[in-house]
Amino acid sequence: MIQDRLPVRLLFVMALLFSSVELNADETPDNRTADRPNILFFLVDDMGVTDTSVRFLLDASGNPVDAPLNERYRTPNMEGLADSGVRFVNARAYSVCTPTRAALLTGQDAARMHITTWTDPQQAIDTGAVERNGLIGPEWRMSGVDPDWPTVPRMLADAGYHTIHCGKAHFGPNDTRAGDPLNLGFQVNIAGHGAGGPGSYLGIHNFSAAWRGGGKQWDVPGLEKYHGQELFLTEVLTQEMGTAIGRAVAAQKPFFAYMAHYAVHAPFEIDPRFSGNYPDLTGSDLAFATLVEGMDKSLGDLVAKLESMGVAEETLILFYSDNGSDGPLNKPLRGKKGTRFDGGSRVPMIVAWAKPDPDSPLQKKYPLTGGTVDRTLVTPMDFLPTLATVARAELPENVTIDGCDFSNCFGGQPGTDRPRNFLLHFPHGKHNDELFTTWIEGDWKLLWHYADAQWQLTNVADDVGEVQNRVDSHAELARAMADRMIRRMDELSVQYPRSQATGLPVKPDPGVLSHRNDLPARMER
């Protein structure tokens, strides 16, 4: 099959050899081999499991759970990807963006790194201090990812990959080295900096926040040639990524393309290409729907680009989101981005080949069966060891990797040594919720709320809305999970909220496990 595509690729390579843009001198081209795929990591910002026409909410029997917003959104390219690959219905992320992105990049738990909330775009300032019930937030790592830490792009570059960053970075503030993806192992950076959202999605606004009175720290950098044009940011980034991938293909380099869209993050601006598809929606609901559809079109456009270059059969796509939805209420889930409920941490995830080919030797190694549903718990830390296996790269030395390799799932097998637990630690405030730690084991979820000194135990398989608190009816399980949660927190040396009165850390207290089914209504957002 590769031989059949050779003329297409040769023509493409010859065309690009005359391009004025070249790889850096230290990027000596090497030939791809049959067991080293290209990797397109397609990361969406603030996309929840109901922000798509693909069904990720399933009951214990595997039947779709009713989610009205699944009927609203148009994501045919996500549907195609899910139909040709594996849909992970128990994928998790942290409830805000920077912790997920840092863990994805390093393979380390966000609590271990002390990056437990989002970083400010311009200065290393405290975005998470709280003063409630005598509690204040810890002195967390406000500078973001340490550029000297091992990272996915650095690991893959060492293995011979050309590493491309395009879109939202948000690994650390602009006044730290982490603000520039080039300091973190990427060899190309397109439009990535320290801001967690765009100034504007509109080229006519120069992708700047000036139109809404925002500061320059939100302005998307490096896209000046598109300023003043009637182009949408999602469309521009897709074009730029396609060009960057083309250079890697021309140089016969395997590539790691990290397509990190600013969509569907605020500001909620209407993408005019799709506004006519939603005649019954107005305002932010309409804007959000068009952001979702624009993201989906980007996915389809990149797949088409890979096919035109003759490398789609050799390219593995991983689709993921950095946290739950910040859009319309994503019922039947409870909560949204930033909260301790599943609306903040359950995310869509798909793994598929860009173009399935059962005769491909490479795809035979990872035979992703179309339409497969996988219930493996996947966390942000798991991508580094998984990509190391897929790319035949050496794992970083002298550093603790908290993630687990789940590449076996690509062939329908359980993930290697995948512990079915996830710690979501948020000892902060100021982002829809505050001061909580969540511990997930399979379908069971234990939650500690520091300010109220309350536990909540739910089973999210049969109580998707997290309404029933089962700490009384399952007291033994709650105590056992609390012990395991606290033990894991001690292993990670997490930072706890502190008492204003004493300055001492305030830890979860398993001694106060008691029933409470009246969590504040304001947390239902």
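The values are calculated or read from the model by the stated rules, or taken from the named source; none is laboratory data. Everything numeric here is computed off the predicted structure, so don't read it as measured data. Cβ atoms come from the backbone with ideal geometry, glycine included; neighbour counts cover every protein chain shown. What goes into the accessible areas is simple: the full protein's heavy atoms, side chains included, and nothing from ligands, DNA or RNA. Shrake-Rupley method; radii C 1.70, N 1.55, O 1.52, S 1.80 Å.
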Distance cut-off 17 Å, percentage of C-alpha pairs in segment 366-450 lying past it: 59
- prompt: Taking H as built 1.01 Å from N, whose amide H comes closer than 5 Å to the amide H of T372, not counting residues under 5 places away?
  reply: G85, R87
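Could you pull out the pairs from K297/K355; K216/K253; K225/K305; K168/K225; K168/K253; K216/K430 whose alpha carbons sit more than 26 Å apart here? All intermediate terms of the calculation are to be shown ahead of the outcome.
On the way: K297/K355 16 Å; K216/K253 36 Å; K225/K305 22 Å; K168/K225 18 Å; K168/K253 24 Å; K216/K430 22 Å.
From K297/K355; K216/K253; K225/K305; K168/K225; K168/K253; K216/K430, over 26 Å: K216/K253.
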- prompt: Angle between the Cα long axis of helix 6-17 and the longest principal axis of the chain, 0 to 90 degrees, nearest 10?
  reply: 90
task: Would you work out which of V249, S284, M295 lies farthest towards the positive end of the dipole of the chain? Charges go on Cβ: Lys and Arg +1, Asp and Glu -1.
output: S284
- prompt: Excluding ligands and nucleic acids, what accessible area in Å² is computed for D490 using a 1.4 Å probe, to the nearest 10?
  reply: 80
- line: Toy charge model, Lys and Arg Cβ at +1, Asp and Glu Cβ at -1: the chain dipole around Cα centroid in debye, rounded to 20, equals 180
message: From the phi angles alone, apply the Karplus equation (6.51, -1.76, 1.60; θ = phi - 60°) to segment 431-448 and give each ³J(HN,Hα) in whole Hz, x where the residue is Gly or Pro.
response: 8, 6, 7, 7, 6, 8, 10, 10, 10, 10, 10, x, 8, 8, 9, 10, 10, 10
Förster radius 25 Å - calculated FRET efficiency between R132 and A480, Cβ distance, rounded to 0.05: 0.30
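Leaving out ligands and nucleic acids, and using a 1.4 Å probe, what accessible area per residue does segment 216-284 come to in Å²?
Each residue of segment 216-284 exposes 40 Å² on average to a 1.4 Å probe.
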- prompt: Taking the Cα-to-Cβ direction at T243 and at V512 and moving 7 Å from each Cα, how far apart do the two end points lie in nm?
  reply: 5.7
- request: Looking at the chain, send over the antiparallel percent of its DSSP beta bridges, to the nearest 5.
  value: 55
- request: Calculate how steeply helix 97-106 sits against the longest principal axis of the alpha-carbon atoms of the chain, using the helix alpha-carbon long axis, and give the answer as 0 to 90 degrees to the nearest 10.
  value: 60
task: Kindly provide the helix-only [θ] at 222 nm of the chain, computed as the sum of -39,500 (n - 2.57) over DSSP H runs of four or more divided by all residues, to the nearest 500 deg cm²/dmol?
output: -7000 deg cm²/dmol
Percent of Cα pairs exceeding the 47 Å cut-off, where the set is the chain: 7
field: Among S275, W455, G144 the positive-end extreme of the charge dipole of the chain (Cβ point charges)
entry: W455
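Using a 1.4 Å probe on the protein chains only, how many percent of the accessible area of the chain belongs to carbon and sulfur?
Values: 9410 of 19150 Å².
It is 49 percent, rounded to a whole number.
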- prompt: From the backbone phi of segment 498-506, what are the Karplus-calculated ³J(HN,Hα) couplings (6.51 cos²θ - 1.76 cosθ + 1.60, θ = phi - 60°) in whole Hz, Gly and Pro given as x?
  reply: 10, 6, 5, 6, 10, x, 8, x, 10
message: I'd like the orientation of helix 283-308 relative to the chain: the angle between its Cα long axis and the longest Cα principal axis, in ° from 0 to 90, rounded to 10.
response: 40
message: If you count only protein heavy atoms and use a 1.4 Å probe, how large is the accessible surface of E307, to the nearest 10 Å²?
response: 90
statement: Under a 1.4 Å probe, counting only protein heavy atoms, W211 has an accessible area in Å², nearest 10, of 110
